[in-house]
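Heads up: the structure comes next, in structure tokens.
The values are calculated or read from the model by the stated rules, or taken from the named source; none is laboratory data. Everything numeric in this text was worked out from a predicted model, so none of it was measured. Cβ placement follows ideal geometry from the backbone for every residue including glycine, while neighbour counts extend to all protein chains displayed. The area values use the complete protein model at the heavy-atom level, side chains included, leaving out ligands, DNA and RNA. Shrake-Rupley method; radii C 1.70, N 1.55, O 1.52, S 1.80 Å.
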Amino acid sequence: MAKVLDNPRPTLKERAAKIGAQIQGSQAWNSIFRPGSIFRKGYTDSPRNRSYVIMNSVLYHLHPVKVKRHAVKVSYTLCLGGLSFFVFILLTVTGIFLMFFYRPTGANAWEDIQTLQTSVTFGLLIRNMHRWGAHIMVLTVFLHMARVFYHGAYKPPREFNWVIGVVLLTLTLLLSFTGYLLPWDQLALWAVTVGTNMMGYTPVFGSQVRFVLLGGVEIGSETLLRWYVLHVLMLPFVIVIFMAIHFWRVRKDGGISGPL
Amino acid sequence: MTEIPEHLLKRAQAARDKAAGSSDASASEGGDRIPDALLDRTKASGAGAAVVAAAPAGGVPVGAGPGGHTQRLLTVVKSGSIQEAKAAPVDKVHTWPHLLAVEFVAALALTAFLFVFSWVVNAPLLQAADFNNTPNPSKAPWYFLGLQELLTMFHPMIAGVTLPGMGLVALILAPYLDRNASNKPEDRKFMTSMMTMFLIFWAVLTIIGSFFRGPGFNFTFPWRDGIFFEL
């Protein structure tokens, strides 16, 4: 009797805990979750682990381990830069979804959007998110620029990062504008007609600029293909490079500016 | 191999001579190089008394100086001469959780807003593109409507290319033209007011182009003729 009391059969809970501990202690587990991960065995909230969380994550290590105290105040940054990046990620994800259902030709484009909205599960929702997200990104990038200006954050040593920021704003507008044409409806066609007519007045090279942009003398299927490639591949590629430099420079220039 | 400059050789020789001379001197003094004044002070203090008192009891340690001293004051170096703290300590917090939590909430809030908004409001999809049917008015996307509004006032080359180009160049040059090093709002009234005027000017143009322009891009009132605006 006494023996039974000393070694009772392990309960289900105890067994689960034991298996859990075994898995967490295994080589495979530890090879996946680097030190500082909350999934590691014996994780505790210590200054050391707080540092590891940042250092050992490919995404979080965009950040330094520690930031100035005023930098975490929402009232200082309004999160505008971070949100611009986040909306860009949302747009990439929703954009990839849209690419599955879209052919950039004059004969198919509008029909494909129509089909996407009416026959594809969540098609309408994802297209709405992509469109409204694009407008939000233009807004957040623009407001981010205003915020940075009013904080005098473009001053040394951050002059060049401001220049990169202006490039990013321009690229954001171009991304939004190239995407504007893709639904190939009346709104897209004539908005882009107005926009590209304006660019045709570039001094000296006006007609050449317009020809390169349109892939012809008038807007047509060639324009659609050209802007599609710009929108889904080339401009995102370029903007990601500039974003990488932008984020890197934020850290190299001593983190966020201020306090005022 | 680099030549050792002559003045350095001389200096090294002088140092060597000095060291040899002083070791002779210290040998003659029996190795005691603690200034008398310091020794007196140590003896006067309680610690000195303790050392003196302890020395007979425990015996003089090997290598100890006269009076049982096991430590010597070699030199006094003022902190400023060898170390200088240039950077003031910065008040910092850990990115996790302080910053990541804020970012996470902001991202979540934006996703929720975008999701609900997209659920409720559909993106426009008008009739398929038709080259033979020009809508009236034809408007650019909203962020270019300020430019389109400028088109009503200037020649297209000025409104469509020159002015926005100059605006971009001015933005790029801003940090190089602004020689004021302060980031305090009270020191930057000129730049702040310049930017504010620029932004208000632009916002007013965009709002007029968006809501106050109707068929033929003629001026209308949105409450009288309706809104001619698509996002």
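Taking A:T193, A:T94, A:T77 in turn, the Gaussian network model of chain A (Cα-Cα springs below 10 Å) assigns the largest fluctuation to A:T193. Pairs of Cα atoms nearer than 8 Å and 6+ residues apart set the relative contact order; for chain A it is 17 percent. Sequentially through the stretch B:127-142, phi angles give Karplus couplings (6.51, -1.76, 1.60; θ = phi - 60°) of 4, 4, 4, 9, 5, 8, 10, 8, x, 10, x, 9, 10, 6, x, 4 Hz, Gly and Pro residues having no value and appearing as x. Interface between chains A and B: roughly 7000 Å² of accessible area buried, both sides summed (probe 1.4 Å, protein heavy atoms only). Ligands, DNA and RNA left out, the accessible area of the protein assembly as shown computed with a 1.4 Å probe is 67% carbon and sulfur. In this label model, A:N108 and A:I32 are separated by 3.9 nm, measuring between points 7 Å along each Cα→Cβ vector.
Interface burial in the stretch A:61-81 reaches 30 Å² or more for A:H63, A:K66, A:V67, A:K68, A:R69, A:V72, A:C79, comparing the full protein assembly with the chain by itself; accessible area from heavy atoms with a 1.4 Å probe. Shape annotation for chain A: C-alpha extents along the principal axes are 97, 53, 30 Å, from largest to smallest. Considering only A:P236, A:P35, A:P203, the Gaussian network model of chain A with Cα springs below 10 Å gives its largest mean-square fluctuation to A:P203. The Cα atoms of the stretch A:156-260 define a convex hull whose projected area, averaged across directions, is 8.6 nm². Max-minus-min Cα coordinates of the protein assembly as shown on each principal axis give 115, 91, 53 Å, with the largest extent listed first. Near A:W184, within a Cβ-to-Cβ distance under 11 Å, what is the net charge of the other residues, with Lys and Arg +1 and Asp and Glu -1? Here the charged neighbours net out to -3.
Computed over the stretch A:118-204, the range of Cα coordinates on each principal axis works out to 53, 42, 16 Å, biggest value leading. Within the full protein context, the accessible area of A:E218 is estimated at about 120 Å² for a probe radius of 1.4 Å.
Of A:K155/A:K252; B:K10/B:K78; A:K155/B:K184; A:K68/A:K252; A:K73/B:K92, which ones are farther than 18 Å apart at the Cα? Among A:K155/A:K252; B:K10/B:K78; A:K155/B:K184; A:K68/A:K252; A:K73/B:K92, the Cα-Cα distance tops 18 Å for B:K10/B:K78. Classify the stretch A:70-175 from the C-alpha gyration tensor, please: rounded if a/c falls under 1.5, else prolate or oblate depending on whether a/b exceeds b/c. Prolate. In straight-distance terms, cross-link reach from A:K18 covers every one of the lysines whose alpha-carbon lies under 24 Å from its own, apart from those fewer than eight places away in the same chain; here that gives A:K3, A:K41. Remark: the stretch B:136-231 is approximated by an ellipsoid whose semi-axes, taken from the C-alpha gyration tensor as √(5λ), come to 32, 16, 9 Å, largest first.
Normalised by the number of residues in the stretch B:136-231, the mean separation of alpha-carbon contacts (under 8 Å, six or more apart) gives a relative contact order of 40 percent.
For the stretch B:84-130, the fraction of alpha-carbon pairs lying more than 16 Å apart is 67 percent, rounded to a whole number. Ordering A:T172, A:T92 by accessible surface, largest first, gives A:T92, A:T172; the 1.4 Å probe counts only protein heavy atoms, with every chain in place.
Take chain A with all the other protein chains still there, run a 1.4 Å probe, and you get 54 Å² of accessible area per residue.
The GNM of chain A, with springs linking C-alpha atoms under 10 angstrom apart, assigns the highest mean-square fluctuation among A:N161, A:N49, A:N128 to A:N49.
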